[in-house]
1. Could you tell me the number of lysine pairs in region 108-257 with C-alpha atoms less than 28 Å from each other, where the two lysines are 8 or more residues apart or belong to different chains?
2. With the other protein chains left in place, how much accessible area per residue, in square angstrom, belongs to region 171-210 at a 1.4 angstrom probe?
3. Which order, highest average first, do 144-153, 200-209, 68-77 follow once you tally other Cβ atoms within 10 Å for each residue and take the mean per peptide?
4. Which one of Asn235, Asn187, Ile115 is farthest out on the positive end of the charge dipole of the chain, using unit charges on Cβ (Lys, Arg +1; Asp, Glu -1) and the Cα centre as origin?
5. Excluding residues on the same chain fewer than 8 positions from Lys14, give the aspartates and glutamates whose Cα lies under 17 Å from its Cα.
6. About the Cα centre of region 148-257, how large is the charge dipole given +1 on each Lys and Arg Cβ and -1 on each Asp and Glu Cβ? Please answer in debye to the nearest 20.
7. Taking all protein chains in place and a 1.4 Å probe, what share, in percent, of the accessible surface of the chain do carbon and sulfur account for?
8. Could you size up the charge dipole of region 1-118 around its Cα centre, putting +1 on the beta carbon of Lys and Arg and -1 on that of Asp and Glu, and report it in debye to the nearest 20?
Amino acid sequence: MFKHRDYTLRYQGKSDVELILPNHKIMHNEPLIGQQPFSVLVWNIFKQKRADCINILEQYAHQTKLILLQEAQTTSQLLNFIAENNKIADHVPAYSLNDIYAGVMTITDTTPTQILSFREREPFIRVPKSALITLYPIKNSTQQLLVANIHAINFSLGVKVYRQQIYMLLNYIEQHQGPVILAGDFNAWSRQRLSLLYHLIRSINLKPVNFSNDIRKTFLGRPLDFVFYRGLKLNAANIVNTAASDHNPLFVKFKLD
């Protein structure tokens, strides 16, 4: 199960990386969203192995309020993108290699008021996966937007570890009084995993985003990437067809309900 011992690394502009420890809270901050529609990009970026991935991020940098990445590595190219576009990135490193950290990363225009970060080791290969919950102020509202970014456990016997991993996030989401976005690479490649995932998200009244032209990355015929939501209206949902990763980005537009 996810542990509560985890930390987050924050990248902002040209500043040095900031270590965010558990229970870090900011009581006053700029709102991330208001009454206007806002867009979210969700993408497993394949450790930036393909050169064009930063170009795709550049194309969507000013169209989105939230960029949720999985397999994001803290390469100079990605950190330059964050700095040059005046973004703030909160990163949960699952592991590091040669001083480059890899894990989920949530990129926005403002800092969250609260952060919860998690890691869990793959049962067989023992390489961790990470997840991140961030909360953001809403203009003219006492509520906050909860955003959960996950890269789920991939290979395991049965679904016990998979259930524990997702259930930990859902515990926080269930208690949240306000709009919610839960998105990422769920590795729901088996019938058991997919059925369990839909059962769990329905149990806390989350709805899935459906795509009319569904060109999501699949494995064994099942999609891996999802966006779920609550307390929001879905305005549009598209998938970007690109060879810049082994996954296609999901581009979704919401409005406050």
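1. 19
2. Working: 1790 Å² over 40 residues.
The answer is 45 Å² per residue.
3. Values: 144-153: 25.0, 200-209: 15.6, 68-77: 22.3.
For the peptides 144-153, 200-209, 68-77, the packing ranking is 144-153, 68-77, 200-209.
4. Farthest towards the positive pole: Asn187.
5. Answer for Lys14, where 17 Å is the Cα cut-off: Glu84, Asp90, Asp109, listed by chain and number.
6. On the way: 13 positive and 6 negative charges, 51 e Å.
Its charge dipole is roughly 240 debye.
7. Values: 5580 of 11820 Å².
Of the solvent-accessible surface of the chain, carbon and sulfur hold 47 percent.
8. Values: 10 positive and 11 negative charges, 53 e Å.
The dipole of region 1-118 has a size of about 260 debye.
The values are calculated or read from the model by the stated rules, or taken from the named source; none is laboratory data. Bear in mind the structure is a predicted one, so any value in this text is a computation, not a measurement. Cβ atoms come from the backbone with ideal geometry, glycine included; neighbour counts cover every protein chain shown. These accessible areas exclude ligands, DNA and RNA; they are computed on the full protein's heavy atoms, side chains included. Shrake-Rupley method; radii C 1.70, N 1.55, O 1.52, S 1.80 Å.
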